[in-house]
Amino acid sequence: MTLTSSIRSVRREGERASVVLLELGGTEFPFAAGQAVMAGLADRPDRKPYSIACSPAQARESGCLELLVKVDQKGRAGRHLGDLEPGLAVALQGPMGRFTLEGARSARRLLFVAGGTG
C-alpha cells in the first residue's frame, strides 16, 4: 500500500529521537505490531524504513501512525524526512516486515532486547 500523509505533530523524545505523528486521513492502514513502513518526503524518491511506534489499536483510535525517528541535535531527520515540520507531506509504503507475534497466546514469557530507534 502507498499513502501520502502529512505530519500532524513532532514530539522530541530526547537528544537524538523524535516521535512523528502522521495523519492517516481516514484511510485504513492495517498493520501488525512489529512492522515498519518505508517513508520519505513525498516530492522525493528516497525512502527509508522506519518502525511503527504505536499499536494498531492506537492508530485506529487516533487516526495517526507514529514513527520514532532518529534526529540530529537540531531535530532534523536528514534527507529522507527533512526538518520534520507539521504539514510536511510524507509518502508511506507498507506495512512491511514479519517480526510479529501472530496469535501469541503462549504461556511462554518472552524478552526482546534491541538497540536504535527501530
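Numerical summary
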item: Portion, in percent, of the accessible area of the chain that falls on carbon or sulfur, probe 1.4 Å; result: 49 percent
item: Stokes-Einstein D (µm²/s) once Rh is taken as the Kirkwood radius of segment 1-52 over alpha-carbon pairs, at 20 °C in 1.002 mPa s; result: 172 µm²/s
item: Ellipticity estimate at 222 nm from DSSP helix runs (n ≥ 4, -39,500 (n - 2.57)) divided over the chain, nearest 500; result: -1500 deg cm²/dmol
item: Among Leu65, Leu22, Leu88: highest mean-square fluctuation, GNM of the chain, C-alpha pairs under 10 Å; result: Leu88
item: Positive-end residue, the chain charge dipole about Cα centroid, Cβ charges, pick of Gly78, Gly14, Leu92; result: Gly14
item: Gyration tensor over alpha-carbon atoms, the chain, equivalent ellipsoid semi-axes in Å; result: 24, 17, 13
item: Estimated FRET transfer efficiency (Lys70, Ser6; beta-carbon r; R0 22 Å; 0.05); result: 0.60
item: GNM flexibility winner over the chain from Pro49, Pro30, Pro95 (Cα, springs under 10 Å); result: Pro30
item: Rounded accessible area per residue of the chain, 1.4 Å, Å²; result: 64 Å²
item: Total formal charge among the other residues, if their Cβ is under 10 angstrom from that of Val71, Lys/Arg +1 and Asp/Glu -1; result: +1
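The values are calculated or read from the model by the stated rules, or taken from the named source; none is laboratory data. Just so we're clear, the structure is a prediction, and the values are computed from it rather than from any experiment. Quick reminder, even Gly has a Cβ in these numbers, built from the backbone with ideal geometry, and neighbours come from all protein chains shown. Side chains included, ligands, DNA and RNA excluded: accessible areas come from the protein's heavy atoms. Shrake-Rupley method; radii C 1.70, N 1.55, O 1.52, S 1.80 Å.
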